[in-house]
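**Q** The structure under discussion is supplied below as structure tokens; questions concerning it will follow.
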Amino acid sequence: MVRNPKGMRDLLPPETPRWRRLEVALSYAALLYGYAEIRTPILEFAELFRKGLGDESDVALKEMYEFEDKGGDRLALRPEGTAPVARSVIQHHLHEQGLVRLYYLGPMFRREKPQADRYRQFHQFGIELFGVQQPYGEIEVLLLLKRISNLLSLGLKLKLNSLGCSECRPQYMESLRQYVESVLTEDPERERFLRNPLKLLDSKRPDLTEVKRNAPRIHEYLCNDCKEHFNTAISLAEHLGVSLELDHELARGFDYYTRTVFEGFAVEGGAAVVGGGRYDHLVAYYGGPDVPGIGFAIGLERLLGALQEVPLTAVEPRDSYFLVTTGPELFVSAMAFAERLRDKGIAVALDLRQGKIHKQMRLADRLGYQKVLIMGEDEAQRDEVTLRDMVSGEQLRIKQEVLLGE
Ligand code: HAM
């Protein structure tokens, strides 16, 4: 009798229509924020993942499906999407646009022990945002996650931590290493934890719960820049309606993360449905320019497992704008206004780097936006916006409520 390998599943009707709906809903959410779809190959050079995820990561170390092809190249079935997307951004010079928003959907492969919630072929929906150093990057991806949770009635709980940067993380790692050295004298994983002490925090072993709880905390070691970045991200995200919980033990499994990391849960105590974070040095590490990144990926099997019904959403937004503001004070109001437009099925993208207005305009132009909304002091005070047609150059003032169709 024939059968497929362990951990690989056939998706059959009546499950497949749920998958299609889910893919439409997730793509729709991403499109509302100006993300465009990218499709990278399933095979990459194995080295890409070893470098990006880290030689010591479980995924690169034990779980990758890798092989030598007939031409002698060492290839791997992709275990995740961030490394291939970063590779593609560099290869095709997408970063030259200044700010890049991409989303992807597709199968990933990890040779994990098959169990509930863990497959060897599974599927991810992910988004990656390149070019934003400011905490507005965090805010946008968290808002998008919140939107997905609302669209699907998921009740996602988000947990967040900061891993610091190359300035402050080494001191924390050293103190964690000393802690491992003194506490885990007989532990079978002692050597691994000594090599990379963050693996202790990342460990799911129940016997280490207490050890983890008493471990030194990164927040006592964060440098001022990291502290400020993290606090701004949290307070603005909360201000815009995202609920978050801080989790000092959240470390994530890959080496590419810097600063903010987060996970999302649909069931308390269950496996994470979403994982993500900032990776400010990955692009440079791959030989590209110094372009920061942030993103997340959702496991579709886990997501479907948490859903009763998958709602039918629109396939595409019904309109699309680029929103420009004239000063930092207005930026958060602009983000809130963008959220209201998205609620109405209108896609809105912003230049999260908060540059001068002409720079924001230039980005809108480069990205091919035909309609730009300008929200300056005066417009904001009158609950209006200026609508600019990028082709004709014509501008007109309109009430925000008119645009919202209220
Ligand atoms: P990750 O946490 O390894 O992150 O995976 C993200 C999600 O994929 C998990 O939360 C889970 O839902 C799903 N997943 C992972 N492994 C399996 C498995 N064996 N079976 C079923 N589902 C699984 C990443 O992959 C990063 N690339 C996320 C990211 C994007 N970070 C920044 N940008």
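The values are calculated or read from the model by the stated rules, or taken from the named source; none is laboratory data. Note that the structure is predicted; figures quoted are calculated from it, not measured. Using ideal geometry, Cβ is built from the backbone for each residue, glycine included, and neighbour counts are taken over all protein chains shown. The area values use the complete protein model at the heavy-atom level, side chains included, leaving out ligands, DNA and RNA. Shrake-Rupley method; radii C 1.70, N 1.55, O 1.52, S 1.80 Å.
**Q** Could you report the accessible area of PHE230 in Å², rounded to 10, computed with a 1.4 Å probe on the protein chains as they sit in the structure?
**A** Counting only protein heavy atoms, PHE230 exposes about 10 Å² to solvent.
**Q** Kindly point out, ordered by number, any Cys in the chain whose beta-carbon has no other cysteine beta-carbon under 4.7 Å away.
**A** Lacking a cysteine Cβ partner under 4.7 Å: CYS165, CYS226.
**Q** Which entries in LYS159/LYS227; LYS113/LYS157; LYS204/LYS227 show an alpha-carbon gap greater than 24 Å?
**A** LYS113/LYS157; LYS204/LYS227
**Q** If you don't mind, another one. Give the accessible surface of the range 272-406 per residue, rounded to a whole number of Å², with probe radius 1.4 Å and ligands, DNA and RNA excluded.
**A** The answer is 46 Å² per residue.
**Q** So, with a 1.4 angstrom probe, what is the percent of accessible area on the chain that is carbon and sulfur?
**A** That share works out to 49 percent.
**Q** Right, here's the next one. Is it possible to state the helix-based mean residue ellipticity at 222 nm for the chain, with each DSSP H run of 4+ residues giving -39500 (n - 2.57), the sum divided by total residues, to the nearest 500 deg cm²/dmol? What is it?
**A** Working: 15 runs with 145 residues, N = 406.
Result for the chain: -10500 deg cm²/dmol, rounded to the nearest 500.
**Q** Ranked by accessible surface with a 1.4 Å probe, highest first, in what order do TYR256, TYR286 come?
**A** Numbers: TYR256 15, TYR286 45 Å².
If we order TYR256, TYR286 from most to least accessible, we get TYR286, TYR256.
**Q** Which whole-number value in Å² is the accessible area per residue of the range 169-218, probe 1.4 Å? Write out the running numbers ahead of the final one.
**A** Values: 2770 Å² over 50 residues.
Per residue, the range 169-218 has an accessible area of 55 Å².
**Q** Now a separate question. At a Cα cut-off below 16 Å, give the aspartates and glutamates reachable from LYS344, other chains included and same-chain residues fewer than 8 away excluded.
**A** GLU316, ASP319, GLU401, GLU406
**Q** When only Cα pairs under 8 Å and 6 or more residues apart are kept, what is the percent relative contact order across the range 319-404? Mind dumping the intermediate values first?
**A** Numbers: 132 pairs, mean separation 26.5, N = 86.
After rounding, I find 31 percent.
**Q** Cα gyration tensor of the chain, axes a ≥ b ≥ c as square roots of the eigenvalues: rounded (a/c below 1.5), prolate (a/b > b/c) or oblate?
**A** Prolate, since a/c reaches 1.5 and a/b exceeds b/c.
**Q** Going by a ≥ b ≥ c, the root eigenvalues of the Cα gyration tensor, does the range 319-404 fall in the rounded group (a/c under 1.5), the prolate group (a/b larger than b/c) or the oblate group?
**A** Since a/c stays below 1.5, the shape of the range 319-404 is classed as rounded.
**Q** Accessible area, 1.4 Å probe, largest first: how do LYS227, LYS157 sort?
**A** Ranked from most to least accessible, the order is LYS157, LYS227.
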